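Everything on this sheet refers to the single structure shown next.
Please treat every number below as a calculation from the coordinates, not as lab data. All values reported here derive from a predicted model rather than from experimental measurement. Backbone-built Cβ (ideal geometry, glycine too); neighbour counts: all protein chains shown.
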Amino acid sequence: MFFLTPRYLKHAKLLHKGVTRFINYKRDILPPAKLEEITALRSSLEDAMRARDKARISALNDEINKACEKALPHVEHSDIGENVEVFFVAIVIALGIRSYIAQPFKIPTGSMQPTLYGLVANHTEQDVTPNLFVRCKDWVAGRSYYNVLATRSGFLRKDGPPLTEHSYLGFFAHCRLHFEDGGTQWIWAPMRQLATDPDGFNLGMQRYLNLPVSADGQNITPDARVEQKLGESGGTYVTEGQLLARGTLDTGDHVLVNKFAYNFRRPTRGEVFVFTTKNIRSPYMRVSVEEGSQHYIKRLVGVPGDRLEVKSPVLWVNGKPAEEFGMKRVGAMEGLYKGYGNFGFLSDGTVRELSNRDNTREYWAMGDNSYNSSDSRYWGSVPERNLVGPGLFCYFPLGRNWGLIR
């Protein structure tokens, strides 16, 4: 019986199983001489097991282990190599999580305030940058300070936009100021908040450089020129040390979106959700054909089959005021946010019924900052195929809206 088998024979059986597995797995890459040596040692082990020769089994244990260790080409241990391997494995895991489970997003606009805040810039006449300790404390809370001075003198370029926006992996948005001689200056602020917000919430670069904006208020046009010209050079002349931008920038909320949920359940009325703008065609959709698609975050106020009507400041669903927490909160807001407004497809007296057919299931999206939100009231419903997932958690900045999204 197995429990009466001597310990050395149990170890011998495990050794035999291990060396057999080694031969089977490495047979194709073992040199013929090594393969023959290890096979012979295994046969000797089998003979010793049958003879219950404890001393021979002990000796063969060392011989077999040494033979297997020396059978394959020696590869030196590398801490750097292992760290690089761990790093790339972590990247693969992170990308997998981002693609299929949870994806981070940064709120760019104020359409969901005060539930979720977007980027808000405020120009100041005086430099309000505090000491390092206060700056670090405020950064954790989402506020950055700007007092940007030109690092070089020269004309801004005239054969292209003098100010362009860039980002890394969809984050770390920044602008570059381009000079005629090919030089650039990086400014770590998004373009809209730096100079071109049509509502005036920016850091004032447009004022200091007198740069006109394009009709959509988003980008400086390629042929933009300031009135100031020196000689026949054209372009704006910037002097080293000249003030370019000044003020404070409150970062948009960073949120995690559950990309897994809608594979197992239907979207729920009242939750905050993310969707793509792909194939939503409307003159009010602020996404150009060149961009293709963007991710939007709004509150899901209507699911397939619902009948929606705004009786400002309250949203009515299926003939009665909305009962969901988020929608009731918006309807009760006063002052700056003042509840739901009647616009577009939900203007006074209109009722919108959402399709519930399998091939055209529709969802209605509205911003909590109703009077300052481009949403389904302007560009229509969101097709089911555009849904990404519900908002899960606001992880930055700390304070304010940190925590589960409601």
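The shape of the stretch 247-395 can be summarised by an equivalent ellipsoid whose semi-axes, obtained from the alpha carbon gyration tensor, come to 21, 20, 17 Å from longest to shortest. Residues whose amide H lies under 5 Å from that of N369, counting only those 5 or more places away or on a different chain, are M112, Q113; hydrogens are built 1.01 Å from N in the peptide plane.
Between amide H atoms placed 1.01 Å from N, distances below 5 Å from E324 occur with no residue 5 or more places distant or on a separate chain.
Near the amide H of T277, within less than 5 Å, lie the amide hydrogens of Q294, Y296, all on another chain or at least 5 residues away, with H placed in the peptide plane.
The GluC sites (Glu not before Pro) of the stretch 282-379 that meet both conditions, a loop assignment by DSSP and at most 13 other Cβ atoms within 10 Å of the site Cβ, are E290, E291, E323, E334. Annotation for L35 and A90: the two label points, set 7 Å from Cα along the Cα-Cβ direction, are 4.1 nm apart. If you bin all the Cα-Cα distances of the stretch 328-375 at 5 Å, starting from zero, the percentages per bin are 5, 18, 23, 22, 17, 9, 4, 2, 0.
Using only Cα atoms, tell me the angle between helix 32-51 and the longest principal axis of the chain; keep it within 0 to 90° and round to the nearest 10. Between helix and principal axis, roughly 60 degrees. Here the spin labels are modelled as points 7 Å beyond Cα on the Cα-Cβ line, and at S347 and Y371 they lie 1.9 nm apart. Working note: Cα gyration tensor of the chain, eigenvalues times five, square-rooted, sorted largest first, giving semi-axes of 62, 35, 20 Å. Here the label points at R7 and Q126, each 7 Å from Cα along the C-beta direction, are separated by 8.2 nm in the simple model. Using the Cα centre of the chain as origin and beta-carbon charges of +1 (Lys, Arg) and -1 (Asp, Glu), tell me which of Y378, F260, I64 is placed farthest towards the positive end of the dipole. Going by the charge dipole, the pick is I64.
Per-residue ellipticity at 222 nm computed for the chain from its helices equals -8000 deg cm²/dmol, with DSSP H segments shorter than 4 residues left out and the rest contributing -39,500 (n - 2.57).
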